[in-house]
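K.L.:
I'd like to ask some things about the structure below.
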Amino acid sequence: MALFFSPGTTALLFLTLSLALYCSIDPFKHCAISDFPDFVAHEVASPRPDEVLWERDSQNSLQRSEIRFLNQVQGPESVAFDSLGRGPYTGVADGRVLFWDGDKWTDFAYTSSNRSEICDPKPSAVSYLRNEHICGRPLGLRFDKRTGDLYIADAYMGLLKVGPEGGLATPLVTEAEGVPLGFTNDLDIDEDGTVYFTDSSIKYQRRNFLQLVFSGDNSGRVLKYDPIAKKAVVLVSNVQFPNGVSISKDGSFFVFCEGDIGSLRRYWLKGDKAGTTDVFAMLPGHPDNVRINKDGEFWVALHCKRNYYSYVMARYPKLRMFLLKLPITARIHYMFQIGMWPHGAVVKYSPEGKLVKALEDSEGKVVRSVSEVEEKDGKLWMGSVLMNFVAVYDL
């Protein structure tokens, strides 16, 4: 028996089949993972948003921040001050570390010896992604209070150090236990000169950080650099996007951020628990860097707050894999991941892991993104790997 369809039904059937064919072929390579044939989606044990209780900042306090150095810095991830209180110093997207002398920005240091015209200024921080592995990408910055040396976690060049006069930084370590550093991210320095730092992934470089987030890859590591032995050892392995690091005021532990799960994890350095880890705090969002203030409290920059879309994607990797194979760009997936619009948020925790303060710009009107929070003289200095300014908030 012959089947007959109305013109409308035929058109709908044709469009449906055409869409299915387009999605399966993806002729224009819009798929977020089209260049990653070995991409694997891992489950992330992230809690539901309503399971992490916190008091929201209904005043959107970060909207009162002052925007400084607009269009003078691209992607200032980390903000640091030297032992004399000078600065800020910040690493930017073209591979340099800049110093604010009170009047202007000057070049202080750089991490790559292969710089060329491809590292010249570009219109946005994202514009540098293609050549980051050549120009370098300094992320976490810390000064050694004993020597005045600046330690740099460069996403591609590894862990480096430069003296108080600046210049080309010296590589300290580019591998640990025979495995190259893939995405060196942040660091902190103990009183004896030991450096604790993170390698966010051994599979994905920073220029593919969106695919790293989408994957839930668990190849990240937390490491220790011994300045006497001049080598690094792995302290914690199989971490999903380890990021910021900060040593406690009493030196008994350090905390590091688990970006995908959205937590602060504590690694004990002293006492009966030395060498073990536990959960210090579950965060109301997904973190970037963490910094300690003079009172021993921890400021955590949140890349975005928790939302149910990212929770479902975290818990159901097969669904995530299906959606990622559709011809939808990585940028659109990213917007869903962060809740559809950029928004800044920072939270402060006590030395015992209790949430004591939350500040946000939930509308993204002024502070659209925060990568790090540095407290100094009653002000919060906020850098962002994505923005073209530094935001300053009066406490």
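The values are calculated or read from the model by the stated rules, or taken from the named source; none is laboratory data. Note that this is a predicted model, so its numbers are computed, not measured. Counting neighbours? That spans all protein chains shown, and the Cβs are built from the backbone with ideal geometry, glycine included.
K.L.:
Please pick out the residue among Asp188, Asp94, Asp107 that is assigned to a loop (DSSP other than H, G, I, E, B) and modelled with pLDDT of 95 or more.
P.N.:
None of the other options fit; the residue is Asp94.
K.L.:
Name, by its number, the condition in (1) closer than 25 Å to Gly285 by Cβ; (2) at pLDDT 95 or above; (3) out of contact with any Ser or Thr (no Cβ under 7 Å at 6 or more places or on another chain); (4) assigned to a loop (DSSP other than H, G, I, E, B) that does not hold for Glu55.
P.N.:
The one condition Glu55 does not meet is (2).
K.L.:
Specify the residue that is surrounded by the most Cβ atoms within 10 Å (Cβ to Cβ); the eligible residues are those in region 134-193 that are of a type in the set (S, T, N, Q) and under 22 Å from the mean Cα position of the chain (by Cα).
P.N.:
Top of the filtered list is Asn185.
K.L.:
Which count do you get for residues in region 264-292 that are of a type in the set (Gly, Ala, Ser) and either modelled with pLDDT under 95 or within 20 Å of Pro342 (Cα to Cα) (or both)?
P.N.:
1
K.L.:
State whether one or more residues within region 237-252 are among the aliphatic types (A, V, I, L, M), under 21 Å from Leu181 (Cβ atoms), more than 15 Å from the chain's Cα centre (by Cα) and surrounded by 24 or more Cβ atoms within 10 Å (Cβ to Cβ).
P.N.:
no
K.L.:
Next question. Which of the residues belonging to region 279-303 are more than 14 Å from Leu380 (Cβ to Cβ) and buried (at least 24 other Cβ atoms within 10 Å of the Cβ)?
P.N.:
Leu283, Gly285, His286, Pro287, Asp288, His303
K.L.:
Which of the residues that make up region 47-69 are of a type in the set (Asp, Glu) and in contact with a strand residue (DSSP E or B) (Cβ under 6 Å, 6 or more places away or on another chain)?
P.N.:
Asp57, Glu66
K.L.:
Can you tell me which residues in region 360-395 are assigned to a loop (DSSP other than H, G, I, E, B) and of a type in the set (D, E, K, R)?
P.N.:
Answer for region 360-395, where residues must be assigned to a loop (DSSP other than H, G, I, E, B) and of a type in the set (D, E, K, R): Glu363, Lys365, Arg368, Asp377.
K.L.:
If you don't mind, there's one more thing I want to ask. Assess whether Lys357 counts as being in a loop (DSSP other than H, G, I, E, B) and either surrounded by fewer than 17 Cβ atoms within 10 Å (Cβ to Cβ) or among the aromatic types (Phe, Trp, Tyr) (or both).
P.N.:
No; evaluated as a whole, the condition is false for this residue.
K.L.:
Right, another one. Take the conditions within 22 Å of Pro37 (Cα to Cα) and either surrounded by fewer than 21 Cβ atoms within 10 Å (Cβ to Cβ) or in contact (Cβ under 8 Å) with a residue 24 or more places away in the chain (or both) and apply them to Val213. Does it pass?
P.N.:
Here the answer is yes, as Val213 does meet what is asked.
K.L.:
Of the residues Gln74, Gln59, which single one is over 20 Å from Val346 (Cα atoms), surrounded by fewer than 23 Cβ atoms within 10 Å (Cβ to Cβ) and not acidic (Asp, Glu)?
P.N.:
So the residue among Gln74, Gln59 that is over 20 Å from Val346 (Cα atoms), surrounded by fewer than 23 Cβ atoms within 10 Å (Cβ to Cβ) and not acidic (Asp, Glu) is Gln74.
K.L.:
Which one is surrounded by the fewest Cβ atoms within 10 Å (Cβ to Cβ), of the residues in region 77-91 that are of a type outside the set (A, V, I, L, M, F, W, C) and assigned to a loop (DSSP other than H, G, I, E, B)?
P.N.:
Within region 77-91, the match that is surrounded by the fewest Cβ atoms within 10 Å (Cβ to Cβ) is Gly85.
K.L.:
Only one of these conditions is not met by Asp278: (1) assigned to a strand (DSSP E or B); (2) in contact with a Leu (Cβ under 6 Å, 6 or more places away or on another chain). Which number is it?
P.N.:
So the condition that Asp278 fails would be (2).
K.L.:
Within region 317-361, restricting attention to residues that are more than 12 Å from Phe214 (Cβ to Cβ), touching a Cys at 6+ places or on another chain (Cβ under 9 Å) and among the hydrophobic types (A, V, I, L, M, F, W, C), which residue is modelled with the highest pLDDT?
P.N.:
Per the criteria, the residue is Ala345.
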